[in-house]
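Peer 1: After the structure tokens below, expect a handful of questions from me.
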Amino acid sequence: MKLISIFSVLFLGLALAQSQTANRETLWKEVLDAEKKGLPKTAAAKLQTIYDSAIQDGKFAEGIKALAKKITHEGTIQGNKPAEKITRLQDELEKVPDQAKPLLETILAHWYWQYFQQNRYRFIQRTETDEPLGKDFTTWDLPRIYREIDLHFSNALADGRLKTIETSKFGDLLTKPTLPENYRPTLYDFIAHEALGFYTSGEFAAAKPEDAFEINVEDPILSTLGKFLRWKPQTTDKESPLRKAVQLFQDILSFHRDDANSAARVDADITRLLYAKNSIVGEGKIDRFIETIREIAEKEPSQLSAWARFHWANALYEKGEWLEARRIAIIGRDQFRNSRGGKRCHNLVAQIEAKNINVTTESVWNNSNAELSVVYRNITEAHFRLVKANWLFQRAKRFRIEGNQENRRKILQKVPVKKWKYNLRPTADFKQHTQFYPVPNDVPPGFYYLISSTKADFSENDNLIQYTPIWISELSLVLRSRANHIEGFVMEANSGEPVDGAKISIWLGNQRDKATELKSISDKNGFFTFKKYQREYYGDVLAQHGKKQIGTTSNNGFWGGQLSKPKLEQSIIFFTDRAIYRPSQTIQFKGIALSWNHEKDEYSIIKNKKITVALRDPNGQEVEKIDLKTNGFGSLSGSLTSPKNRLTGKYSIYSKGFPRGSSGFRIEEYKRPKFLVELGKPKQSPKLGDTVELQGKATDYTGSPIGEATGKFSVTRQARWPAWWRWHYWRGGQIYSQQRQVAHGKIETKPDGSFVIKFTAIPDNNIPEATEPTFVYIINADITDSSGETRSDNTQLQIGYTSLSATMNTESWQTTDKPVEFKITTQSLSGTPKAAKGKLTIHFLKQPEKVIRKRLIPFSTNSEKNNVINENPDSWPLGEVASSLELTTDEKGQAIAKTKLEVGVYRATFETKDRFGKPVKAIQSITVLNTQAKHLAIRFPQIVSSEKRKIEPGEIFRMIWGTGYDKGRTFIELEHRNKIIKRYWTQPGLTQHLFEMPVEEKQRGGFTVHVTQVRENRLLSSSQRIDVPWTNKDLKVKWTRLVSKLKPGQKETWTATVTGPKAEKVVAEMVATLYDASLEAFAKHYWKKK
């Protein structure tokens, strides 16, 4: 039951009350006729007559209805402005009889609320001001519009007579109720629930004061009715919407507590619990909600028990307890089938019992290793058909089946080449499960559609049918977009050997429906290439070699790989002396003009170049400009004046013409920060469950204390795991922890500016202690001084079940040429080095008997994934101990251990204890290779390992490729500046290859090594970017004389030394700036690096 909205359904479709006089009944018909004819003035005049007559006869509901409609029509005459309607209704408020005022106040509150919702962005952007706001509500800020809406709801509810007036007497003004009338028996109930809709909407969260009222998960709002009514929240925030909602819930429930008919009380009580569940943030709220709503559901004899059972079951559903949720929802459904709760229970049961199936398979089948997965729930059979299809025809249809009814039916009516079914394990928990099955291996090569169905007859009624395009082929097709080309390989799918002479067709275009066919032939490397022009993003590829075929199975998007034409490029880099200015301040800047051509290896500065530098405002308008000329160092400098009496915000200086460049900064009427806040660290590392005491201080920039200032703090918690925790994914499953606020409160500085923050380091009990989590507590503090200026600081504390952390690192490149070096570090959770004694144990990992082919189809749940050993060595179990030694970290918390290891995969574990005797460990995985070996002795599908990822000219780059298969080759390509400068296949019969290359000066900027291999229909590829930095161009600047304190007006000299290649022979120019550090509170100052 709601007030009829003036903007949508106000008073439409209402039957006139039987008590209307014949005259008013006629007038209402005339109003309706005038509305149909579009005569708002005529309608408004007749509504005024109805209003006068109804008020005189004491028919207040009818009168208010006429008044509201009259104002709406008058607003239409004035341009249909919502503000005009509100103003007119406000004027009428003082004129109506007292009996009509509560409803009029409620309508007015709604209209203000609707106006706010339509102009929300304007109110949120406005800054609250101390200046009194006038009567023009269109200019109000967020707190002011909230107070006005609150005022009208409060005025409406202040009339004590409302609790004695039956809602049925105002039927003319209210829509036909969607709930039984005994849920809102009095006019008070109706208006109170309307007000609750406003207070619980959360619309005005942005208007919270410093002392905002908040509800914790432990508060009685989620308790039984008796405890909730006895609750007296203590707060100074008396105007809080949250506080008013709590108070209103208490008023409603107290009013109906002893009713013979419990409907109004129980309905309000359920609403209260739902509001609490959705509003409170904290652990345990769902369990508390379930406990209380369960009591209501089991005690309430009316149909409201079904409403309670629905919310009880829904909470269990959200927790993942679907079986119990279904049981409870069935009871609610069966007890009161036609009630609101019964219908929602019915829907929830249907949702839990809903059938679902999703079939995923590899796009190419070429041996018995291919598989398909069935992800399903609430079904016990999956039926399949394999139907031959025309690839060229389906390509033209863009492989669309589900969206093309004619194409779908033609495919479905074809005689299948193969059909079969799988019996699925029942899903007793109603949740999603996955089963994997091998695909048939007795089907001839070609292009097919795999059709899956939950029914044996594949009828389309009440069935889940899925169409998947697949190839059955002995070929493999590899595609990539690179350097303005579409490139690819045709290989034997099982062995990975290149296919020479395959005919390639590609349909490439800039639209999905329009493409041109191009043709080529693969070379002896199995390689082919097509020129790709700008905006040619879509295409399909078909390869044929004799009777063998392979093609794409979806319309591919060839994004990326687009290069601009090599050319001379220019740019100017600007440096400003600060990041924020006031209007009328001088903007000092310097610029360096650069020119380069990557293709020709030409890099230079631009000397003696005339450049116009301009200042641009936030709207992109030019403010001022200055003509400058670069000097012999390619630099220029100058100054501009920040404008006054102009829009503030983000400005920029930029060059007009070439070379182009810009730099941004802000111009604001800011108030220089007067003080800063600094948070310290605890004197001793705290433990979980302890009370943490954090010292803080507020001082001005001269060091003087800011005493007797007030503020607030908050503490949020999030969990982190040690780096080795990834191994747990393969055994126990990944664990998630949401960030939570665990404490908040008020603070006040002492005369010396100090303050103390205390909170309890509460852990997340959902995370097992055995996983060694570390909880990061983020503390934020805001301090406000007597002038109203607020400054903030934040810090982090790491607290765990142990007081010590250990880490272990090794280089990724490990060979039998030298011992493996382990670097072990032990420190407190706050980062303080700690000496510790421990044991380092290195285990072989048990390799699988043969190479495990990578599974393309993912598991649907972690529990299914964690029970399978796969190609990732993280999933391999521990074998024999290869080495073990005792060691102790020094006072810096560091230790180095070395041990010689043979070729293999290892897992090293360092174990120690903290000062409380609790175990601490660090884990590291190591792969050791033999650089001279011709065959890889580890059962990896592929390994690519580079000795260095950053290398200097004159050094030798070394990279090992290997495969654990008995046979296998790879294609290696060396790319430099988008050109392939070397490419070759590794030798047949060898499963390990050492790639070595002397690095030359011309390779400055870096190069990329591409590795492409196919084995068992799996693409095993890697692209490693190797950085060859421009260290021959590096200059380093070091301050050799720096004065850290100055007096106002004092002149001082700083000295800097420039070092680097040939620095002693080069005349250099530099730029430096000195600015007020307090400005960093508004805008961090940094210079662009290029």
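The values are calculated or read from the model by the stated rules, or taken from the named source; none is laboratory data. As the structure is a prediction and not an experimental result, all values here were calculated from the model. No Cβ is skipped: glycine too gets one built from the backbone with ideal geometry, and neighbour counts run over all protein chains shown.
Peer 1: Considering each of Ala428, Ala483 in turn, give the residue that is among the hydrophobic types (A, V, I, L, M, F, W, C), surrounded by fewer than 17 Cβ atoms within 10 Å (Cβ to Cβ) and not assigned by TED's automatic domain parsing to the domain that holds Asn378.
Peer 2: Numbers: Ala428 fails: not assigned by TED's automatic domain parsing to the domain that holds Asn378.
Step by step, each of Ala428, Ala483 is checked, and only Ala483 is among the hydrophobic types (A, V, I, L, M, F, W, C), surrounded by fewer than 17 Cβ atoms within 10 Å (Cβ to Cβ) and not assigned by TED's automatic domain parsing to the domain that holds Asn378.
Peer 1: When you go through Leu845, Leu829 one by one, which is the residue that is modelled with pLDDT under 90 and surrounded by 18 or more Cβ atoms within 10 Å (Cβ to Cβ)? Before the answer, list the steps.
Peer 2: Values: Leu845 fails: modelled with pLDDT under 90.
None of the others qualify; the one that does is Leu829.
Conditions (1) over 21 Å from Phe116 (Cα atoms); (2) touching a Pro at 6+ places or on another chain (Cβ under 7 Å); (3) modelled with pLDDT under 80, marked per residue:
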residue: Thr42; (1), (2), (3): yes, no, no
residue: Ala45; (1), (2), (3): yes, no, no
residue: Ile50; (1), (2), (3): yes, no, no
residue: Ala54; (1), (2), (3): yes, no, no
residue: Asp57; (1), (2), (3): yes, no, no
residue: Gly63; (1), (2), (3): yes, no, no
residue: Ala66; (1), (2), (3): yes, no, no
residue: Lys85; (1), (2), (3): no, no, yes
residue: Arg88; (1), (2), (3): no, no, no
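Peer 1: Any residue in the range 796-814 that is without any contact (Cβ under 8 Å) to a residue 24 or more places away in the chain sitting within a Cβ distance under 6 Å of a residue that is surrounded by fewer than 22 Cβ atoms within 10 Å (Cβ to Cβ)? List the pairs, counting only those 6 or more apart or interchain.
Peer 2: Hits for this filter: Gln796/Val776; Gln796/Ile778.
Peer 1: While we're looking at this one, here's another question. Hey, does the range 357-367 have a residue that's modelled with pLDDT of 90 or more, small (Gly, Ala, Ser) and either in the same structural domain as Val541 (by TED's automatic domain parsing) or not in a loop (DSSP other than H, G, I, E, B) (or both)?
Peer 2: no
Peer 1: How many residues, within the range 434-446, are closer than 11 Å to Trp365 by Cα and in a strand (DSSP E or B)?
Peer 2: 2
Peer 1: Which pairs have Cβ atoms under 6 Å, sit 6 or more apart or on different chains, and link a residue in the range 877-895 that is farther than 15 Å from Glu821 by Cα to one that is part of a loop (DSSP other than H, G, I, E, B)?
Peer 2: Correct list of pairs: Pro877/Lys846; Gly879/Lys846; Glu891/Ala835; Gly893/Lys834.
Peer 1: Quick one: how many residues across the range 764-789 are exposed (fewer than 15 other Cβ atoms within 10 Å of the Cβ) and polar (S, T, N, Q)?
Peer 2: Looking only at that region, the number is 5.
Peer 1: Do we have any residue at all in the range 642-665 that's surrounded by fewer than 15 Cβ atoms within 10 Å (Cβ to Cβ), touching a Pro at 6+ places or on another chain (Cβ under 7 Å) and farther than 21 Å from Glu1080 by Cα?
Peer 2: yes
Peer 1: Quickly run through the range 46-66 and pick out the residues that are surrounded by 15 or more Cβ atoms within 10 Å (Cβ to Cβ) and either small (Gly, Ala, Ser) or outside any helix (DSSP H, G or I) (or both).
Peer 2: Passing the criteria: Ser53, Ala54, Lys59, Ala61, Gly63, Ala66.
Peer 1: Same structure again: Name the pairs whose Cβ atoms lie under 7 Å apart, with the first residue in the range 915-928 and over 15 Å from Ala770 (Cβ atoms), the second among the small types (Gly, Ala, Ser) and modelled with pLDDT of 90 or more, and 6 or more positions between them or separate chains?
Peer 2: Ala922/Ala806; Gln924/Ala908; Ile926/Ala908; Val928/Gly904
Peer 1: Within the range 541-583, which residues are free of Cβ contacts under 8 Å to residues at least 24 places away in the same chain, at negative phi and not basic (Lys, Arg)?
Peer 2: Those that are free of Cβ contacts under 8 Å to residues at least 24 places away in the same chain, at negative phi and not basic (Lys, Arg): Gly557, Ser564.
Peer 1: Tyr449 versus (1) surrounded by fewer than 19 Cβ atoms within 10 Å (Cβ to Cβ); (2) of a type outside the set (A, V, I, L, M); (3) outside any loop (DSSP other than H, G, I, E, B): which is the lone unmet condition?
Peer 2: Unmet condition: (1).
Peer 1: Something else about it: For the range 999-1020, name all the residues that are crowded, with 23+ Cβ neighbours inside 10 Å and either basic (Lys, Arg) or not assigned by TED's automatic domain parsing to the domain that holds Arg949 (or both).
Peer 2: Arg1015
Peer 1: In the set Asp500, Asp462, Asp540, which member is in contact with a helix residue (DSSP H, G or I) (Cβ under 7 Å, 6 or more places away or on another chain) and either within 30 Å of Ala354 (Cβ to Cβ) or not β-branched (Val, Ile, Thr) (or both)?
Peer 2: The conditions single out Asp540.
Peer 1: Restricted to the range 365-401, and to residues that are over 19 Å from Ser476 (Cα atoms) and of a type in the set (Ser, Thr, Tyr), which residue is surrounded by the fewest Cβ atoms within 10 Å (Cβ to Cβ)?
Peer 2: Thr380
Peer 1: Consider the range 124-145. How many of its residues are under 33 Å from the mean Cα position of the chain (by Cα) and modelled with pLDDT under 75?
Peer 2: So the answer is 5.
Peer 1: Can you find even one residue in the range 696-717 that is surrounded by fewer than 15 Cβ atoms within 10 Å (Cβ to Cβ), in contact with a Lys or Arg (Cβ under 6 Å, 6 or more places away or on another chain) and not basic (Lys, Arg)?
Peer 2: Step one: filter the range 696-717 for residues surrounded by fewer than 15 Cβ atoms within 10 Å (Cβ to Cβ), giving 701-704, 708.
Pick out the ones that are also in contact with a Lys or Arg (Cβ under 6 Å, 6 or more places away or on another chain) and you get none.
No, because not a single residue in the range 696-717 is surrounded by fewer than 15 Cβ atoms within 10 Å (Cβ to Cβ), in contact with a Lys or Arg (Cβ under 6 Å, 6 or more places away or on another chain) and not basic (Lys, Arg).
Peer 1: Starting from the range 637-660, keep only residues that are over 28 Å from Met1070 (Cα atoms), then list their pairs with residues that are part of a strand (DSSP E or B) whose Cβ atoms are within a distance under 6 Å, requiring at least 6 positions of separation or different chains.
Peer 2: Pro643/Val623; Thr648/Ile667
Residue-wise test of (1) in contact with a Ser or Thr (Cβ under 7 Å, 6 or more places away or on another chain); (2) surrounded by 18 or more Cβ atoms within 10 Å (Cβ to Cβ); (3) more than 16 Å from Ser663 (Cβ to Cβ).
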position	(1), (2), (3)
Lys567	no, no, yes
Glu599	no, no, yes
Lys607	yes, no, yes
Ala614	no, no, no
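Peer 1: Right, another one. So Gly634 fits all but one of (1) on the phi < 0 side of the Ramachandran plot; (2) surrounded by 14 or more Cβ atoms within 10 Å (Cβ to Cβ); what number is the exception?
Peer 2: (1)
Peer 1: Additional query: Among (1) closer than 30 Å to Ala515 by Cα; (2) touching a residue at least 40 places away in the same chain (Cβ under 8 Å); (3) under 32 Å from the mean Cα position of the chain (by Cα), which single condition is Asn358 missing?
Peer 2: Failing condition for Asn358: (1).
Peer 1: Here is a check on your reading of the model: is Lys514 charged (D, E, K, R) and without any contact (Cβ under 8 Å) to a residue 12 or more places away in the chain?
Peer 2: Values: charged (D, E, K, R): yes; without any contact (Cβ under 8 Å) to a residue 12 or more places away in the chain: yes.
It is true that Lys514 is charged (D, E, K, R) and without any contact (Cβ under 8 Å) to a residue 12 or more places away in the chain.
Peer 1: Quick check: is even one residue across the range 283-292 surrounded by fewer than 17 Cβ atoms within 10 Å (Cβ to Cβ) and of a type in the set (Ser, Thr, Tyr)?
Peer 2: No: zero hits.
Peer 1: Scan the range 499-511 and tell me whether some residue there is under 38 Å from the mean Cα position of the chain (by Cα), not in a strand (DSSP E or B) and not assigned by TED's automatic domain parsing to the domain that holds Tyr984.
Peer 2: yes
Peer 1: Another question, then. Scan Phe384, Phe393, Phe399 and give me the residue that is of a type outside the set (Ser, Thr, Tyr), within 18 Å of Thr553 (Cα to Cα) and touching a Ser or Thr at 6+ places or on another chain (Cβ under 7 Å). Please lay out each step first, then the result.
Peer 2: Working: Phe384 fails: within 18 Å of Thr553 (Cα to Cα); Phe393 fails: touching a Ser or Thr at 6+ places or on another chain (Cβ under 7 Å).
The unique qualifying residue is Phe399.
Peer 1: Next question, about the same structure. With out of contact with any helix residue (DSSP H, G or I) (no Cβ under 7 Å at 6 or more places or on another chain), assigned to a loop (DSSP other than H, G, I, E, B) and farther than 27 Å from Ile587 by Cα as the only criterion, which of Lys697, Lys687, Lys644 stands out?
Peer 2: Numbers: Lys697 fails: assigned to a loop (DSSP other than H, G, I, E, B); Lys644 fails: farther than 27 Å from Ile587 by Cα.
Answer to the check: Lys687.
Peer 1: Quick one: Lys163 ticks every box in (1) modelled with pLDDT under 80; (2) over 30 Å from Arg122 (Cβ atoms); (3) surrounded by fewer than 17 Cβ atoms within 10 Å (Cβ to Cβ) bar one, so which box is it?
Peer 2: (1)
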